[in-house]
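Step one of this worksheet: look at the structure below.
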């Protein structure tokens, strides 16, 4: 993934796309911070799964900021956040649809033998392991809760 960011950075520089270039630099800075944090804990570089989780976190932060800017009458700042979301999203794998997510949840519940709410953490952990970057875990946790309480 790191090579993908470097080549995208070079392409943005060559094209003179300042907005994309800035967003890619933000991503690289966040990854570097993650690597430094991991080094302090005695680990190596961030894995691709950790990078995907970081990208999702960055998107969520920008969605929240864009909503605040829009609510406070600052559409130009909201537009900047939305453009960064588009750039960051371009590096994520294709997102699963609602039906695909629910099917994956059902499969994982059956595989893990989850019987109630006490098993929710186990189900979410398996989903995050298998589908990192492919589903919105905020929505998925609600569906897991519904499936386990039924």
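What number, rounded to the nearest 500 deg cm²/dmol, is the helix-based mean residue ellipticity at 222 nm of the chain, given -39500 (n - 2.57) per DSSP H run of at least four residues and division by all its residues?
Taken over the chain, the calculation gives -26000 deg cm²/dmol.
Diagonalise the Cα gyration tensor of region 1-71 and give the resulting equivalent ellipsoid semi-axes, square root of 5 times each eigenvalue, largest first, whole Å.
23, 19, 9
Taking Cα centroids, how far is region 79-103 from region 14-28 in Å?
18 Å
Suppose a student asked you for the relative contact order of region 2-89, using Cα pairs under 8 Å spaced at least 6 residues apart; what percent would you report?
Relative contact order of region 2-89: 27 percent.
If I stretch the segment between residue 33 and residue 107 completely, what's the gain in nm (0.36 nm per residue apart, minus their alpha carbon distance), one decimal?
The residue 33-residue 107 span can extend by a further 23.1 nm.
With everything on Cα atoms, drop me the angle between helix 2-15 and the longest principal axis of the chain, reported from 0 to 90° to the nearest 10.
Orientation of helix 2-15: about 40 degrees from the principal axis.
Quote to one decimal, in nm, the extra length available between residue 47 and residue 119 on full extension: 0.36 nm per residue of separation minus the C-alpha distance between them.
Once the chain is fully extended between residue 47 and residue 119, it gains 23.3 nm.
Take peptides 99-105, 9-15 and line them up by average Cβ neighbours within 10 Å, highest first, as a rough protection proxy.
Order by mean packing, descending: 99-105, 9-15.
With everything on Cα atoms, drop me the angle between helix 48-71 and the longest principal axis of the chain, reported from 0 to 90° to the nearest 10.
70 degrees
Please report Rg (one decimal) and Dmax (integer) in Å for the Cα set of region 98-149.
9.5, 26
For the pair residue 15 and residue 79, what calculated FRET efficiency results from E = 1/(1 + (r/R0)^6), where r is the Cβ-Cβ distance and R0 = 22 Å, to the nearest 0.05?
It comes out at approximately 0.65.
If you take all C-alpha pairs in region 1-132, what percent of them are over 26 Å apart?
Tail fraction, whole percent: 40.
Bear in mind these aren't lab numbers, they're just calculated from the coordinates by the rules spelled out. Every value quoted in this text rests on a predicted model; they were computed, and no experiment measured them. We place every Cβ from the backbone using ideal geometry, glycine too, and count neighbours over all the protein chains shown.
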